[in-house]
Structures are given as structure tokens and as C-alpha cells.
Amino acid sequence: MSEVKLTENESLKLITEMIGKAKGSYHSNGTSAILWGLVIFFCSIFEFFEMQFNFDIGFNIWWLMFVALVPQFYLMLKSSSKKNFESYEEKTMSFVWWAFAASVVMMMFFNSYYRPSHSESLFLMLFGMPTFITGGMFRFKPMIIGGITCWILFVVSIYTSLKINLLLMALAALSAWLVPGIILHKKCIREAQQ
Amino acid sequence: MEFKELDPILHSQLRLAVVSLLISVREAEFTFLKEKTNATAGNLSVQINKLKDAGYLDVTKQFNNNYPQTICKITKKGIEAFEGYVKALQTYMNPNGQS
């Protein structure tokens, strides 16, 4: 591209082309979604087995979520060192997900203090929100479906027992993060190969 | 029928491309702009400086892992100039003001 004057039509075409290029630059490789999908799926299934087979490992398996923050920070550092731009959507999304993470931590503390019944239903409702927003923002259908699935599971969980709700949580983790994350990851690999 | 004058700072291929890219992102590194515009580093650097001197861009130079990094961000003045440029373009594309 050189230092040349443009006609009005060329200007308009150039603006459209550059805006399109900038908009199409942001891609998530889905690793964070896979990580959190796996962690929540594992914790839910593990707690289900604890209840089903009557054993106790001596600590709350959900504290694994704090351990998962280590690889999450590593992934964030790795992607930020590679990235050479930041989009408005990305910045907005990072605020949405940090707000979600803060809400989950506060809910965990609240639950460990008051031990309310059916608190896992509220988690399901919470899971749906950032997932649905992310899916809508990036027009990524699997996450929109994942978010809606979480809300449907929330309604179901009101009428089911804690044990079943743990299975619903695992299903929510699969549909909201694990499956969309794998789809994103595959898409990313395909694009890198082209 | 009135044709608005097109901002001479923006009415150049590379400078318009840079501003159009930066209007769509929060901030971008020099390498991103170079990659998207296919411009040479020297030419891009000159045009970015012109936009900076006009007050349309904020340019920050820093080091990241011992590598120099130039981060560009459009300013409020730059956004207003871009909006004005697009409005002026519309008077050429649609001189009778019909939609």
C-alpha cells in the first residue's frame, strides 16, 4: 500500500475493507473454554460419585477451581504475548468473564457459610449468562445454545435432587464450554493449516 | 448541492487504511497495522507520524520481553475526523442528499 490519493469510491471501498479485516482478526482458540469445561465437568461428576458411593476425600473438590486459575493465567499470558491488537469486543468480554468469576467465588463463599439448599441451581443460572453473552457477541451458535441449555437445566434443577443437579452441572459444563471449546479449537487448527 | 472538503490528512490510501483499522479496535501494535495494510515499515512509520502530529493517533513506544513495541490508538480528535471524513464522502456519493 503506497501514499496515493484516492477517488471517493476507492476511499469508501478501502474503509469497508479495513474495518472488515480488523473485525475478522480476533479468534479464540477455545483452550480456556476447554479447561473450565473439563474442571467443572470433573468436579460435578466427582461430587456425584462421592454422594452415590458414600465416600469423602476430606476436602471440597470444588476448590480445584482455584487450582485451575494457574493454567488459566498461563494461557492468558501466552496469548497476550502473541497478540498484536486488542478489540473492543475482547475487552468487553474480559470484563464479563471476570465479573462472572468474581460472582462464582462470592457464591462459593456464601454457600460454604450458609449452606443453602439447591444452591447449585443458582450456579447453573450464572453459568448461562456469560456463555450466552459471548456467543451472541461473537455470533458463535454453540455458545448461544450452551447458555440457553444452562438456563433450561436451571429450571429442571429446581425440581430435582442435589445428586441429579450435580449431573446437570456436568451437562451444563459440557454444553456451555467443553463442546464449544472443542469446536473453536478444531476451527482454529483448520484455519492455521490453510 | 454542496461538496464538503475531504480532510487531506485522511484522504491518502495508507493513512485512511490505518485510521479505518484503528477505529475498529481498541489499540493495535505497529506489526498488526503492517500486516493488514501490506505497507513497508518505513512508509507506515512516516504515515503514522503524520497522523500522530495531526493529533489523530496516540503512539506509545515500550518494551515487551526486550522487544520494542509501538502501540497505536485512535484519539477522540481522530474519531471525529474520521466521522467527518465519512460524512463528507457521503456528499460526493449522494450529492442530492437522497437516501
Going through (1) closer than 23 Å to A:G20 by Cβ; (2) exposed (fewer than 15 other Cβ atoms within 10 Å of the Cβ) one by one, B:N66 fails only at (1)
Determine which member of the set B:L33, B:L51 is closer than 17 Å to A:N84 by Cβ, free of Cβ contacts under 8 Å to residues at least 60 places away in the same chain and under 12 Å from the mean Cα position of the chain (by Cα). B:L33
I'm trying to understand the selection: among the residues of the stretch A:22-42, which are over 16 Å from the mean Cα position of the chain (by Cα) and surrounded by 17 or more Cβ atoms within 10 Å (Cβ to Cβ)? A:A22, A:S25
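Is it the case, given these coordinates, that A:N29 is assigned to a loop (DSSP other than H, G, I, E, B), away from chain B (no Cβ under 14 Å), polar (S, T, N, Q) and farther than 22 Å from B:E29 by Cβ? Spell out how you get there, then give the answer.
Details: assigned to a loop (DSSP other than H, G, I, E, B): yes; away from chain B (no Cβ under 14 Å): yes; polar (S, T, N, Q): yes; farther than 22 Å from B:E29 by Cβ: no.
No; evaluated as a whole, the condition is false for this residue.
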The residue from A:K21, A:K13 that alone is basic (K, R), closer than 16 Å to B:L14 by Cβ and more than 8 Å from every other protein chain (Cβ to nearest Cβ) is A:K13
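Please pick out the residue among B:Y67, B:Y56, B:Y92, B:Y85 that is within 20 Å of A:K82 (Cβ to Cβ) and either within 13 Å of chain A (Cβ to nearest Cβ) or at pLDDT 95 or above (or both). Steps first, please.
Numbers: B:Y56 fails: within 20 Å of A:K82 (Cβ to Cβ); B:Y92 fails: within 20 Å of A:K82 (Cβ to Cβ); B:Y85 fails: within 20 Å of A:K82 (Cβ to Cβ).
From the options B:Y67, B:Y56, B:Y92, B:Y85, the qualifying one is B:Y67.
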Look through the stretch A:133-164, keep the residues that are among the β-branched types (V, I, T) and within 15 Å of A:F123 (Cβ to Cβ), and return whichever of them is nearest to the chain's Cα centre (by Cα). A:T149
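Matching residues to (1) among the acidic types (D, E); (2) more than 14 Å from every other protein chain (Cβ to nearest Cβ); (3) touching a helix residue (DSSP H, G or I) at 6+ places or on another chain (Cβ under 7 Å):
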position: A:F55; (1), (2), (3): no, yes, no
position: A:Q72; (1), (2), (3): no, yes, yes
position: A:L75; (1), (2), (3): no, yes, yes
position: A:S80; (1), (2), (3): no, no, no
position: A:N84; (1), (2), (3): no, no, yes
position: A:M93; (1), (2), (3): no, no, yes
position: A:A99; (1), (2), (3): no, yes, no
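The values are calculated or read from the model by the stated rules, or taken from the named source; none is laboratory data. Computed from a predicted structure; not experimentally measured. We place every Cβ from the backbone using ideal geometry, glycine too, and count neighbours over all the protein chains shown.
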